[in-house]
1. Ignore the peptide's own chain and count Cβ atoms of other chains within 10 Å of each Cβ in A:140-152; give me the average, rounded.
2. Counting only C-alpha contacts under 8 Å and six or more residues apart, can you give the relative contact order of the range B:398-449 as a whole percent?
3. Of the listed peptides B:202-211, B:171-180, what is their order by residue-averaged count of other C-beta atoms within 10 Å, with the highest listed first?
4. Counting only other chains, what is the mean number of Cβ atoms within 10 angstrom of the Cβ of each residue in peptide A:170-176?
5. How would the range B:1-133 be classified by its alpha-carbon gyration tensor: rounded, prolate or oblate, with rounded meaning a/c under 1.5 and the a/b versus b/c comparison settling the rest?
6. Give the share of C-alpha pairs in each 20 angstrom bin for chain B, from 0 to the last occupied bin, in whole percents, shortest bins first.
7. Over chain A, what lengths in whole Å, largest first, do the semi-axes of the equivalent ellipsoid take, defined as the square roots of 5 times the eigenvalues of the alpha-carbon gyration tensor?
8. Keeping all protein chains in place and using 1.4 angstrom, which order do B:LYS274, B:LYS430 fall into by accessible surface area, from largest down?
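The values are calculated or read from the model by the stated rules, or taken from the named source; none is laboratory data. Bear in mind that the values here come from a model prediction, so they are computed numbers and not experimental data. Here the Cβ positions follow ideal geometry from the backbone for every residue, glycine too, while neighbour counts run over all protein chains shown. Calculation scope for accessible area: heavy atoms of the full protein, side chains included, ligands and nucleic acids excluded. Shrake-Rupley method; radii C 1.70, N 1.55, O 1.52, S 1.80 Å.
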Amino acid sequence: MKHFKTGFLFFLIFLVACSEQLDFNQAEGFNHSPVIQTSLAYFTLFPNDFMDSVTGAEILNGRSDISDFRILENSFLRDNLQKIVIDIEVKNEIMKNFTALVEFLDDNGTIIYTFSTSIISSQNLAFIHQEIIQISSNPTIVNATKVRILVALSSSSSNPLIENDPSEFEFKSSGTYFIETE
Amino acid sequence: MLLTPLGALTQNKQVLYSFAENPQTLLLNPGAETNYRFHIGVPLLAGFSTEIAAKNFKLTDLFSEDGIDFNTKIFHLLNKLDAEDHLKLNMQIDVLNAGFRLDDKTYVSFGFYQELDVIGYWPKDVVTFLNEGNASYLNKSFDLSQVVYKADFIGTLHFGVSRKVNPKLTLGGRFKIYSSTLNFETRNNSGTITTQLGANNIYTHYLNTIDLNFLSAGLVEDNEYLENPMDLITKSFLGGSLGIGLDFGMTYHISPKLEFTGSITDFGYINYSKRVQNTTVKGDYTFEGVNFLFDPSNPANYWADLNADFEEKVPRGNNTNSYTSWRPAKVNAALKYSFGDERRSKYCYDNTFKEFYTDAFGLQIHTTMRPLRPQFAITGFYEKTFTEKLHAKVTYTVDDYSYHNVGVGISTQLGSVSLFGIADNLLAFKNLANASSVSFQMGINLIFD
């Protein structure tokens, strides 16, 4: 009988196991908000790039290039993106003022978001521009599949371009994507 | 073919080890002494064990009703966990277990058990990257080698012999044939993802020495998933990917009261060859952004070029190559000192007697080879024999999960029916949600003296 009691005592230990009340519904309040930073386009242009190679005249409508921009095709990003911040840094050694225009286009070539920098003054070696795109205000931006950048001489500039001038117009950009899931 | 050790998982069955000459102890030490003529386990009930454990994590960390914001709790948890923390699940069921005495000195045992093992290490850097992104981590190298996991469903057919070499020494060995019907694992990964301030652009992103291997066997064949999940169970009897293993063990009586036991189990491997589907990613890449060339006469497709360049330098591939993975070898050792009343128990198989003591205490160590480092546990124990038919063992274990793990086991015999029940981490029973590990073991065997 004594041993029966001992055994019973041990099994009683198993039976008295308990657990505090847990609330798994708290997981519904989980807020996941990564911020991803990536490089975008970069390039370097010279005075010659803005001069007609035959006549030497200034190219008044500027220089542009375009690339596919497929980041926003990612469904997770499309569904949860809150904000995009585009940062632009320019080092302008050329004795001319410029502006840069950035256009986001959809698959049909329709411009769905555009912004331009303020005047990038000559000899401004540390020009910065930040464009904040709130998705709630610009929901169509997530349809962007192409980006076009146009760099144009500013009309406010009177200094003539000098052929074969090695001065550079150096353009850098990055995108910061603010994501939030619930 | 890959041949890499990946210690997976197993339970440290510190209470069962060398406990009451139970038939199940032969699976932990084939050199354990037995004191009966033959035994047969009740099918599916001969031995059942389950363990769930999480290093450095408890359910209460996240789900207590404490009024703390869930995201704050997540934040604290993510800061607390590191790449050696892990979650594991182990279940083992003895489908068949039997043994018989071949002669006075030799006991033969055999059987078949199924085991589910799951372990996943905490890939801290990857989780940080996914959860917070890279914006706050300029210059940090996110380490992809932290991605380590393994899940296995295995049937093991085994045959063992224990032999009393002399009155002091018993040696034993067991041969195992493993049959795995399901395996997922990834290990020996390498690579880092780093974002730094760039020269040509604002940032430069580096993928350095990327070498990732995601291996699987049993689930996918010709891009089609396994249709009948029951195949995982039915084919575990020699119908899966096969492997072999060996157990060794010994019992040595240093003196009538002092006994040393030791074993190495699951020294073996499995060659995963059935329904294999592996994915690999390998290479280095540096990304500065898209370099616009402003050349209208020769317009570039930058995005397509970028994709092609990336796929060339960081190729991803699928293959069906078989791969080999070592089983997690385990080492057990124990020193036991017996004392108390001296009693005699009949060796019924030859009508001789064995002397034993009613009390014993000692020290055990357990080591399991794991992917990142061996995992150690040290156990102090006290064993009490109330009668020839009723034994109890209490253990205190220090391991990765707890510094105060108290376990208890009872083994009794009613007629020819031998039962044992074991529970670990008893102090956690008052609040299981606040436990880092919980394990249970039980078994019913028929023992014939």
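1. Across A:140-152, the average partner-chain Cβ count within 10 Å equals 1.
2. Once normalised by length, the contact order is 35 percent.
3. Output ranking for B:202-211, B:171-180: B:171-180, B:202-211.
4. 4
5. In terms of gyration-tensor shape, prolate.
6. Calculated over all Cα pairs of chain B, the distribution is 22, 47, 23, 7, 1, 0 percent.
7. After diagonalising the Cα gyration tensor, the semi-axes are 62, 17, 13 Å.
8. Greatest to least solvent exposure: B:LYS430, B:LYS274.
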